[in-house]
Amino acid sequence: MLKLIGVRRGLPHEVGLGLLTLLLLALVTIAFPRFLVIDNLKSLVDDTALLIMLAVGEMFVLLTRGVDLSVAANAALTGMVVALFNAHYPGAGILPVLVIAIVMGAALGLFNGLLVWKVRIPSIVVTLGTLSVYRGCVYLVSGGAWVNSGQMSPFFLSFVRFPILGISVLSWIGLLVAVLAWLFLRYTVSGRNLYAAGNNPNAAGYAGIDVGRMQCLAFVLSGAIAGLAGYLWVARFAVAYTDVASGFELQVIAACVIGGVSITGGVGGVVGVVIGGLFLGIIKNALPVVGISPFFQMAVSGFVITVAVILNAGSYRKNHGRKILERAEASS
Amino acid sequence: MSEPILSLAGVTKSFAGVRALVKGEIDLYPGEVTALIGENGAGKSTLVKILTGVHHADGGDIRFNGEPVHIGSADNAGRLGISAIHQEAVVFDDLSVAENIFVTDRPRKRGMVDWATMRERARVILAELDPRIDPRMPMRQLSVAQKHLVQIARALSNEARIVIMDEPTAALSHREVEELFTIVRRLKAEGRAILFISHKFEEIFDVADRFAVFRDGAAVGQGLIRDVSRDQLIAMMVGRSVDQIFPKTTVPIGEELFRVEGLSRGEEFADVSFGLKRGEILGVYGLVGAGRSEVMQAIFGLTRADHGEINLEGRRLTIKAPEDAIGAGIAYVPEDRQIQGGILRFPITSNIALPSLSHLSHKGFMRRSDERALAEDYVTQLQIKTSGVSQRLEELSGGNQQKVVIAKWLATNPRVLIMDEPTKGIDVGAKTAVYRLMGEMVAQGLGIIMVSSELPEVMGMADRILVMRRGRLRATFTRAEATPESIVKAATDA
């Protein structure tokens, strides 16, 4: 399908994915014109902004040949901590909340990163562990209780909803994160080294790039973004509880892979991830509108994700000679 | 005579108790090419890794322009002006050519990577090396030779005073090697010191001014290339004379055992016909890409030939898959021991028993004792050095791994044994052991087809030599007729 609509040699694969996303949007809209009303689109963008932010963070880790399964748990824990902070210091203002969210998220990411870098545990094992640890900590700090909108200050709740040029601050932050990530990856030495370390760790060693350090940096960035997303999530849905964003890490990774990020490292970019996130967001928002039974929604969205990944990986291989998905038998 | 720019004395390095470098000694002079010669495992790569700062030396003295220095990191190596071009082209395939050149020192403007300057500077450097390379191209699209040129461009970009070339010609065609040497001579004329690592003596005598020979981690000789002969170098390298390396035994050659007639497959090879006699070692020589392995894979059923027939003992075989070939009595020891030949993480027992499982099983179940007995039998017969048959393959040395892979196929009782590069990447002692084993196997009436890219090996071991070039059989020599010149001519002439 991607091939039909214009992924040819030389054309960035983001173009094909973008066209596919537009096609999807068009199909849904033709069937259900209600889908394209402003309010629905705003909510779609707000939902997707969280997914895109987390996916951008995840991309850093994937680029260095790792994977971060703890992003959603990190967001849940950080979200709970800032909600409790807000409940105890309701007059503190937005700045301390943002600082706590980012610093704490980064610290949780650093913990992952140090285990990968210094203790040399594979990232999938590390984050499978910290996924449970961080989510367990949500229970510990909250005692299992919810923090409801009633306990949250007005500034805490309204900040994410405040419209600038008709678009919520939440969406603007998502955009800002994506733009900063793009600039970082394109124009800073650290950003470039992140690609180099993931593309060929062996060659990176010869070039004086510390691969472990780059992996650690990726985890810190992923964690910081997850922490920020944790606050935004809790504020947007006006509730903090143990199961916030439970299982969301899988959608985050799916957005990356659809967006052309190689799970074997060194390949991918912010633009693809943003479109991948939008693609997933549209599917998630469209299924209920189209009237698919909630019981089938997961199966259908899973099916569509799988097909998108296969098409994307196939066209990417054809165009760049690089495999996004290695065959299982070829690895190890 | 000028002073050496870099001088190593008594450098040592061990890995987990194994001494990789016992006495690393070498002097590099500005404006001269020093060839570093040694068998696999002689300590050449360890030396390179110390010079490029990938490994720290455990002890010894490294002097740069007479001053003691500590390299220790890739950054420090770069600061000293040491730049390396690696054998397997250590590059970033998905980054642009320009970024590959400047990866250690990307041009910056106000802290941000300055892509325009990077591309421009890359263009200037590449114009002298190969103007066809566009700095914006992804590295993946380049040929191996071009990837080497990009690594040379990297050395030029950071004004390297010492350029290390680790078997840069291993994967290059004759013409590409010539082009590379033109560049080497230019680097030399510019006063850079070059460390040139190669197995090929023609190249060494063509391009080098000095030599340094390593054996078993120690420097065993240094000097001027004009004062030394090829045989002297070989003797230093292996510590024994050439005849001892190839223990060719005379075995009576019997009647024809195996015949391939008119075998063709797509664009890989065409109209390949040859016979193999009982007790014969048939050498198949050719350059990389000549189609030798492809023919063998078709015979073994890994791929299917479009045309042609395969006969064993006068009977026509239908081979659709490797199990047909194994059943008929053909075994194939593949080129890549670590990936195709054996399962590194499995114990010796499982590796040896693997293709014989159907013989060994009783009603579908395995008896571990049978497996063990089989493995122990071969470990004794082939003198495999191991602490026991339950040791994992990855813990053995390269030579012993190869013996296990051979044992695995002998256990299937083959009549024809195909060996693809049987001594690739193993040291001289182990090579001799493999050759001796080949002699014993043909003495028992087997026929061996030995695919090899090493001319001395083909000439030393084969009774008859087939030469392939671009998918076709071009010449056949008997052992008596074969000369290095005639074989190479048949393999390379258009």
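Quick notes on this one:
- The stretch B:40-57: number of residues that are more than 14 Å from chain A (Cβ to nearest Cβ) and either more than 30 Å from B:Lys424 (Cβ to Cβ) or hydrophobic (A, V, I, L, M, F, W, C) (or both): 3
- Condition check for A:Ile121 on (1) at pLDDT below 90; (2) among the aliphatic types (A, V, I, L, M); (3) under 20 Å from A:Ser246 (Cβ atoms): one failure, at (3).
- Of all the residues in the stretch A:237-296, those that are surrounded by fewer than 22 Cβ atoms within 10 Å (Cβ to Cβ) and in contact with a strand residue (DSSP E or B) (Cβ under 9 Å, 6 or more places away or on another chain) number 3.
- Where helices (runs of 4 or more DSSP H) fall wholly inside the stretch A:199-271, the ranges with 3 or more residues that are touching an Asp or Glu at 6+ places or on another chain (Cβ under 9 Å) and away from chain B (no Cβ under 14 Å) are A:211-237, A:248-258.
- Note on the stretch B:271-356: enclosed helices (runs of 4 or more DSSP H) holding 1 or more residues that are under 27 Å from B:Thr492 (Cβ atoms) and in the same structural domain as B:Val260 (by TED's automatic domain parsing) are B:292-300.
- Among the residues of the stretch B:470-494, the ones that are more than 26 Å from B:Pro252 (Cβ to Cβ) and either touching a His at 6+ places or on another chain (Cβ under 7 Å) or surrounded by fewer than 20 Cβ atoms within 10 Å (Cβ to Cβ) (or both) come to 12 in all.
- Filter result (touching a residue at least 12 places away in the same chain (Cβ under 8 Å), small (Gly, Ala, Ser) and within 12 Å of chain A (Cβ to nearest Cβ)) within the stretch B:88-132: B:Ala89, B:Ser96, B:Ala98
- Inter-residue pairs, beta-carbon under 6 Å, first more than 25 Å from A:Thr48 (Cβ to Cβ) and in contact (Cβ under 8 Å) with a residue 12 or more places away in the chain and in the stretch A:145-160, second polar (S, T, N, Q) and not in a loop (DSSP other than H, G, I, E, B), 6+ apart: A:Ser153/A:Asn86
- Residues that are β-branched (Val, Ile, Thr) and surrounded by fewer than 21 Cβ atoms within 10 Å (Cβ to Cβ) within the stretch B:406-427 comprise just one, B:Thr412.
- In the stretch B:206-222, the residues that are in a helix (DSSP H, G or I) form Cβ pairs under 8 Å with partners that are crowded, with 19+ Cβ neighbours inside 10 Å, at six or more places apart or across chains, as follows: B:Val207/B:Val33; B:Val207/B:Ala35; B:Val207/B:Val184; B:Val207/B:Phe196.
- Any chance B:Arg259 is in contact with a Ser or Thr (Cβ under 9 Å, 6 or more places away or on another chain), free of Cβ contacts under 8 Å to residues at least 60 places away in the same chain and more than 29 Å from B:Gly429 (Cα to Cα): yes
- Looking across the stretch A:67-114 at every residue that is of a type in the set (Gly, Ala, Ser) and part of a loop (DSSP other than H, G, I, E, B), the one that is surrounded by the most Cβ atoms within 10 Å (Cβ to Cβ) is identified as A:Ser70.
- Among residues of the stretch B:58-74 being touching a Leu at 6+ places or on another chain (Cβ under 7 Å) and free of Cβ contacts under 8 Å to residues at least 24 places away in the same chain, the one that is nearest to the other protein chains (Cβ to nearest Cβ) is B:Ile71.
- The condition of being over 25 Å from A:Leu194 (Cβ atoms) and surrounded by 18 or more Cβ atoms within 10 Å (Cβ to Cβ) holds for only one of B:Arg106, B:Arg161, that being B:Arg161.
- Qualifying residue in the stretch A:166-180 (condition: within 14 Å of another protein chain (Cβ to nearest Cβ), under 22 Å from A:Ala55 (Cβ atoms) and modelled with pLDDT of 90 or more): yes
- Among the candidates A:Ser158, A:Ser132, the residue that is part of a helix (DSSP H, G or I), modelled with pLDDT of 85 or more and more than 23 Å from A:Gly191 (Cβ to Cβ) is uniquely A:Ser132.
- Odd one out for B:Ile37, checked against (1) more than 28 Å from B:Asp216 (Cα to Cα); (2) more than 14 Å from chain A (Cβ to nearest Cβ): (1)
- Being in the same structural domain as B:Ile281 (by TED's automatic domain parsing), more than 30 Å from B:Val272 (Cα to Cα), without any contact (Cβ under 8 Å) to a residue 12 or more places away in the chain and not in a loop (DSSP other than H, G, I, E, B) is a property that B:Ala373 has.
- Strands (runs of 3 or more DSSP E) lying entirely in the stretch B:376-474 (those with 1 or more residues that are aromatic (Phe, Trp, Tyr) and outside the structural domain of B:Met296 (by TED's automatic domain parsing)): none
The values are calculated or read from the model by the stated rules, or taken from the named source; none is laboratory data. The structure displayed is predicted, hence computed values, not measured ones. For neighbour counting, all protein chains shown are included, and Cβ atoms are generated from backbone atoms with ideal geometry for every residue, glycine included.
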